[in-house]
Each structure stands twice: as C-alpha cells, then as structure tokens.
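This report concerns only the one structure given below.
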Amino acid sequence: MILRRLALATALVLGLAAPAWADFEGGFSAYLRGDYTTALGEFRPLASQGHAQAQYTLGYMYANGLGVPKRPAVAARWYHLAAQQGHVKAQVNLGALYHFGQGVERNDAEALMWYRRAAEQGSAKGQYMLGVMYEKGFGVARDYVRAHMWYDLAAAQNLGIAGEERNMVAKKMSFAQVAKAEKLAAEWRQKHRKPAQAQ
C-alpha cells in the first residue's frame with residue numbers, strides 16, 4: 001500500500017514537472033527565434049509558479065527590453081526570485097544591478113553577497129566580480145590578496161579579462177602576498193573539487 005502511494009505520488013510529480021519543462025522549452029524556442037510575445041506567454045506562468053530558469057529569463061528580458069519595455073526594477077524582482085533558488089546567472093545579474101544601482105538602490109553590500117553566492121558555486125563571472133569588489137574596496141575592505149585569488153579562479157575558467165586583472169593587481173602586491181593568494185585559490189579549488197564520476 002505504501003509503495004503504491006509512493007509510486008502514485010512520484011507519477012504525479014513527474015507528470016506535473018514534464019509539462020512545465022515542455023512549456024519552458026517551447027518558450028525558449030520562441031525566445032531564440034525572437035518571438036518574445038510567445039516566449040513571455042510561456043515564461044510568465046512558469047515564473048509565477050517558481051520556475052527559476054523562467055524567472056531568470058524574464059529578468060533578462062526586462063533588463064534588456066526584449067519584447068517588453070526595459071524595466072530594471074522588474075528585472076531585479078525576477079532575478080531576485082531566481083537568485084534565492086540558487087540560480088547562478090541570476091545571482092550575478094542581481095549583484096550587478098545592486099552594484100550599479102539599476103532598478104534598485106545602489107548597495108555594494110548586497111552586490112557583494114550575490115556575487116559571492118555565484119562565485120562559491122563556481123561562476124567565473126561571479127568570481128571575477130568578487131575580485132573587482134575586493135580590489136576596489138566596494139562593500140568590503142580593499143584586499144589585493146582576495147582580489148588576486150578570485151581573479152585567478154575566474155581566469156582558470158578562461159575568462160580572459162580576469163587573467164589580465166589578476167596580473168595588474170599582482171603588480172601592486174609583494175611576492176609573499178601573491179604566494180598567499182595562489183595558496184588560497186588552490187585551497188578553494190581543493191575544497192570545491194567535484195568527486196570523480198563512478199565508472
């Protein structure tokens with residue numbers, strides 16, 4: 001009896017999830033074709049139901065005026081909902097809105113928090129922006145060691161500008177500081193290393 005209920009519950013959940021993803025895929029196909037009206041029609045109900053990717057995409061559309069008037073405040077609201085669910089791109093973009101005061105009041109502490117969340121998930125853009133925050137002292141005490149560390153992590157993911165910034169900030173640092181930054185980056189990589197896939 002318990003197994004039958006579990007199977008029924010699983011079927012219901014999977015049955016509900018499949019149409020939601022189908023709607024998102026349909027909306028995303030329309031988005032890629034530039035049919036923003038159809039995309040919005042698919043994304044809005046999903047976003048309202050908590051679909052993080054739909055929330056992020058709506059935020060992106062409002063931030064860039066794709067099929068809707070450019071409205072950074074609305075973009076911030078959708079990004080925030082997706083970011084709270086751990087959506088990395090939404091976290092980076094929300095951090096940028098706070099950093100530059102677009103659609104929300106400028107707040108470097110909020111920007112730092114969202115960039116950090118993305119960076120800790122391995123986002124190269126989040127890591128790069130966290131490096132900027134530490135290098136410039138936005139929302140945090142200026143710290144070239146931490147800036148170098150985050151730039152180095154982003155550069156390792158082929159974000160070219162991060163390597164350039166790392167090299168520039170290294171010129172302001174002592175040999176010992178650079179060594180410390182490299183050690184911190186190595187420790188971060190070790191801590192966040194993904195386990196090897198089972199064969």
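Readers should treat all values here as calculations from the given coordinates under stated rules, not as data from a laboratory. Everything numeric here is computed off the predicted structure, so don't read it as measured data. Cβ atoms come from the backbone with ideal geometry, glycine included; neighbour counts cover every protein chain shown.
Provide the gained length on full extension for the span I161 to A109, in nm with one decimal, where the gain is 0.36 nm per separating residue minus the Cα-Cα distance. Write down the numbers at each step before the final one.
Details: separation 52, 0.36 × 52 = 18.72 nm, distance 2.34 nm.
Taking I161 through A109 to full extension adds about 16.4 nm, to one decimal.
Which of the following values of Rg and Dmax of the Cα atoms in Å was calculated from the structure shown: (1) 15.7, 54; (2) 17.4, 58; (3) 20.4, 69?
It is the value labelled (3).
On a 29 Å Cα-Cα criterion, which of the cross-link pairs K89/K172; K89/K183; K70/K172; K171/K194; K70/K191; K136/K183 come out too long? Kindly include the intermediate steps, with their values, before the conclusion.
On the way: K89/K172 31 Å; K89/K183 27 Å; K70/K172 40 Å; K171/K194 32 Å; K70/K191 40 Å; K136/K183 21 Å.
Cα-Cα > 29 Å for K89/K172; K70/K172; K171/K194; K70/K191; rest within.
For the stretch 49-199, calculate the relative contact order in percent as a whole number, restricting contacts to Cα pairs under 8 Å that are 6 or more residues apart. Present the calculation step by step, with values, prior to reporting the outcome.
Working: 230 pairs, mean separation 19.2, N = 151.
The normalised contact order for the stretch 49-199 reaches 13 percent.
Fewest first, what order do Y79, Y144 take by the number of other Cβ atoms within 10 Å? Walk me through the numbers before you get to the answer.
On the way: Y79 32, Y144 20.
Listed from fewest to most nearby Cβ atoms, that is Y144, Y79.
Testing the spin-label approximation: label points 7 Å from Cα along Cα→Cβ at A179 and D35. State their distance in nm.
Result for the modelled spin labels: 6.2 nm.
Which value at 222 nm does the chain reach when only helices count, each DSSP H run of 4 or more adding -39,500 (n - 2.57), with the total divided by all residues and rounded to the nearest 500 deg cm²/dmol? Kindly include the intermediate steps, with their values, before the conclusion.
Details: 10 runs with 150 residues, N = 199.
About -24500 deg cm²/dmol.
Projected onto the charge dipole of the stretch 20-106 (+1 at Lys/Arg Cβ, -1 at Asp/Glu Cβ, origin at the Cα centre), which of V74, V104, Y62 gives the Cα projection farthest towards the positive end?
V104
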